[in-house]
Amino acid sequence: MCDHNHNDPNHVCTCSDNPLVPQVCKVIKITAETPDVKTFRIQTLDGKKPFAPMPGQLAMISLLGVGEAMFSITAQGEDWIESSIKRTGMLTDALHEMTEGQTIAVRGPYGNHFPVDDCKGKDILFIGGGIGLAPVRSFIRYAIEHREDYGHLDVLYGSRSSADLVFKDDLFENWPKVEDLDVHLTIDRPEEGWNGSVAFVPAFLEQKAFDPAGKKVVLCGPPIMIKFCLQSLLKMGFSKENVITTLEMRMKCGIGKCGRCNIGSKYVCLDGPVFTMSELDELPDEK
Amino acid sequence: MLLPKEKLSEALGALAAEANVIAPVKWEGDVFFMPYKGGDVCLEGNGKLPPKDVLFPKTEKMYSYSIAKGTMTEHNDAAATILFGVRSCDAASIERLDKVFLEQGYKDGFYSAKREGLAVIAMGCDKPMATCFCTSMGIDPMKAEVADVQMCPVEGGFTVEAVTEKGKEIVKKWDSLLDKKSKAKPAKVECSLNINVPEDFEKKLMDMFESPIWDDVTKACLGCACCTYVCPTCYCFDINQDVHGDEGTAFRCWDSCMFSDYTRMAGGHNPRPSKKERLRNRYLHKLAYYKDRHGKYLCVGCGRCIANCPAHLDITAFAEKAMEVE
Ligand code: SF4
Ligand code: SF4
Ligand code: FES
């Protein structure tokens with residue numbers, strides 16, 4: 001498909017006749033991140049990148065013969081895109097059974113994206129909980145690739161246990177090597193061999209007492225974690241306009257047609273999934 | 001121009017010889033939009049169901065695939081269709097659906113193929129039904145949106161006006177049947193049911209999201225979804241796959257926001273857990289959300305949901321109650 005700006009109300013996409021028909025691709029690499037999260041690297045049958053997403057955008061991934069569902073795109077390379085998928089039901093169970101080389105169909109990219117331009121020149125605090133690091137990672141990777149455009153980067157991430165931390169290569173190897181980037185990790189319960197922090201993400205965040213001056217926050221994780229982290233951030237002096245998150249809704253079409261993912265007059269697949277906390281305040285409480 | 005009443009079958013026959021004509025026909029006591037096979041059409045009352053499925057079928061194949069071969073074949077066959085006898089409410093619904101399926105950044109290929117091949121011959125409505133309130137929704141019973149040809153019932157026949165190029169082509173085929181000297185003019189018509197909704201009603205409704213009235217106005221609902229199946233502007237759909245061994249076909253079919261699993265997510269969380277949230281979403285979508293996005297009501301006042309609800313829920317009664325809320 002294409003990387004046009006589909007949020008421009010005047011844009012009519014001419015690149016594909018039919019945005020609801022997926023392209024057949026193959027899974028070229030599967031990485032087990034945790035006991036219940038796997039990352040799938042996807043490429044077209046002729047070895048190309050299916051499409052070029054912006055950080056935070058979504059892909060409709062279908063396992064032919066089983067079903068399709070929407071996932072955030074966590075990373076992309078020259079000739080692939082990647083999604084990290086947690087086992088939660090029939091489709092994700094089937095995805096977890098896949099082996100490398102099998103076919104899969106994808107369509108997208110859908111939705112708006114993280115405000116990569118608005119954040120230019122600013123420090124960014126990335127906060128993730130559990131699988132919530134998956135959407136955030138697309139922006140972290142983007143900020144690292146465009147390192148000179150952004151100020152200091154902090155990645156604050158927590159999970160239930162050390163085994164449940166996703167993207168361990170990035171957390172322990174790749175990101176700590178990046179200039180002016182700090183990784184702060186925490187787990188919920190004490191564990192043998194773990195010398196780092198033991199605290200829930202909101203409490204850990206509060207200990208760190210970040211300075212809100214010139215800083216944007218990207219916050220994704222379970223709803224309850226988001227709620228308490230937001231309270232902590234507001235206490236530190238962050239404003240809601242500067243806290244960015246993503247929403248999840250059941251989706252079928254991904255292009256604002258099937259009606260399913262609305263919150264008030266907004267469609268999460270079209271106007272989201274990325275919203276600032278102040279934008280969310282404007283929407284009815286039906287998330 | 002006037003088409004005399006007794007020439008109507010001939011006029012439709014001329015069109016049906018070359019294209020697929022869909023017209024309102026009486027069948028087992030009700031009016032349905034069906035392929036025209038000659039004979040009488042029925043212009044009394046609204047169709048039991050709107051002609052929406054001409055553009056948006058109840059179920060439609062999207063694509064077929066073979067897992068082993070890695071092939072993907074799109075299904076999208078649309079025949080040129082003339083839709084005859086569409087009242088202003090149903091014609092307006094096509095305009096509302098166009099906004100959804102053809103705009104907002106993505107053109108729905110299945111809808112657009114059918115829409116491009118569609119010509120609409122609208123029929124003015126001089127006998128609104130007891131449940132009709134289209135004029136309250138900003139619609140003129142005698143002048144339809146999206147009409148290629150506008151006809152209106154008058155003494156002795158129907159006025160005929162070609163509105164678009166497509167319409168001119170149609171009227172050309174009727175050349176020998178038309179009385180071109182006729183000066184007949186359709187009468188002005190007001191709907192039977194009137195709700196005087198204020199200018200910025202949608203804003204008021206959006207501010208009422210937390211109002212206690214929702215418990216009251218939704219408590220009789222059975223969650224049967226009948227209201228959404230008969231509605232000309234409801235467009236929710238589901239996408240599914242029909243699988244046989246290695247091959248499969250993806251299809252879409254009408255869905256309804258009134259069903260509990262419509263918004264239920266894979267983990268079990270449901271943002272609209274009860275009929276209160278679901279009917280609230282339906283009413284607000286019709287009267288507020290869509291207008292906020294596209295500037296018009298998504299309800300065209302056809303009254304079908306009122307006439308068919310087994311629990312006698314009435315969107316106009318709801319609107320009147322909402323207007324009274326301080
Ligand atoms: S037709 Fe009536 S009872 Fe059935 S879902 Fe609609 S409002 Fe509820
Ligand atoms: S909401 Fe009811 S009255 Fe309005 S267009 Fe739909 S069926 Fe007709
Ligand atoms: S997923 Fe269909 S409208 Fe958003």
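Based on C-alpha pairs under 8 angstrom that are at least 6 apart in sequence, the range A:23-110 has a relative contact order of 38 percent. For chain B, DSSP calls about 75 percent of its internal beta bridges antiparallel.
Across the range B:65-167, the volume of the C-alpha convex hull divided among the residues equals 145 Å³ per residue. Which of the aspartates and glutamates could a cross-linker bridge to B:Lys7, judged by Cα under 12 Å and excluding same-chain residues fewer than eight apart? Straight-line reach from B:Lys7, under 12 Å: B:Asp40, B:Asp175, B:Asp179. Summarised as an ellipsoid, the range A:23-110 has semi-axes of 18, 14, 13 Å, derived from the eigenvalues of the Cα gyration tensor scaled by 5 and square-rooted, with the largest first. Applying the criteria of a DSSP loop state and at most 10 other Cβ atoms within 10 Å to the GluC sites (Glu not before Pro) of the range B:10-104 yields B:Glu18, B:Glu28, B:Glu44. Binning all Cα-Cα separations of the protein assembly as shown at 20 Å, short to long from zero, yields these whole-percent fractions: 18, 45, 28, 8, 1.
Straight-line cross-link partners of B:Lys69 among the aspartates and glutamates, defined as a Cα under 12 Å from its Cα and at least 8 positions apart when in the same chain: B:Asp246, B:Glu247. In percent, what relative contact order does chain A have, based on Cα pairs under 8 Å that are 6 or more apart in sequence? Worked out over chain A, it gives 17 percent. Here, chain B has an Rg and a Dmax of 21.3, 69 Å when only alpha carbons are counted. Qualifying trypsin sites (Lys or Arg not before Pro) in the range B:57-142, where qualification requires a DSSP coil assignment and no more than 16 other C-beta atoms within 10 Å, comprise B:Lys58, B:Lys69.
Can you pick out the pairs among B:Lys61/B:Lys275; B:Lys5/B:Lys188; A:Lys216/B:Lys204; A:Lys48/A:Lys257; A:Lys48/B:Lys58; A:Lys86/B:Lys61 whose Cα atoms lie more than 25 Å from each other? Spell out each step's value before the answer.
Details: B:Lys61/B:Lys275 31 Å; B:Lys5/B:Lys188 20 Å; A:Lys216/B:Lys204 34 Å; A:Lys48/A:Lys257 28 Å; A:Lys48/B:Lys58 36 Å; A:Lys86/B:Lys61 30 Å.
Over 25 Å Cα-Cα: B:Lys61/B:Lys275; A:Lys216/B:Lys204; A:Lys48/A:Lys257; A:Lys48/B:Lys58; A:Lys86/B:Lys61.
Please build a GNM for chain B, connecting alpha carbons under 10 Å apart, and tell me which residue among B:Val86, B:Val243, B:Val21 fluctuates the most. Highest fluctuation of the listed residues: B:Val243. Residue-normalised convex hull volume from the C-alpha trace of the range A:123-246: 98 Å³ per residue. Take every DSSP beta bridge whose two residues both sit in the protein assembly as shown; close to 70 percent of them are antiparallel. Each listed q (0.12, 0.14 Å⁻¹) maps to a log10 I(q)/I(0) for chain A from the Debye sum over equal C-alpha point scatterers, namely -0.76, -1.05. Charged neighbours of A:Glu279, selected by a Cβ distance under 11 Å, balance to -2 (K, R count +1; D, E count -1).
In order along the range A:39-53, the Karplus-derived 3J(HN,Hα) couplings, from 6.51 cos²θ - 1.76 cosθ + 1.60 at θ = phi - 60°, round to 9, 10, 9, 10, 9, 5, 4, 9, x, 10, 6, x, 6, 10, x Hz, and Gly and Pro are given as x.
Just so you know, all these numbers are worked out from the coordinates, no wet-lab data involved. Every value quoted in this text rests on a predicted model; they were computed, and no experiment measured them. FYI the Cβ positions are ideal-geometry reconstructions off the backbone, even for glycines, and counts take in every protein chain you see.
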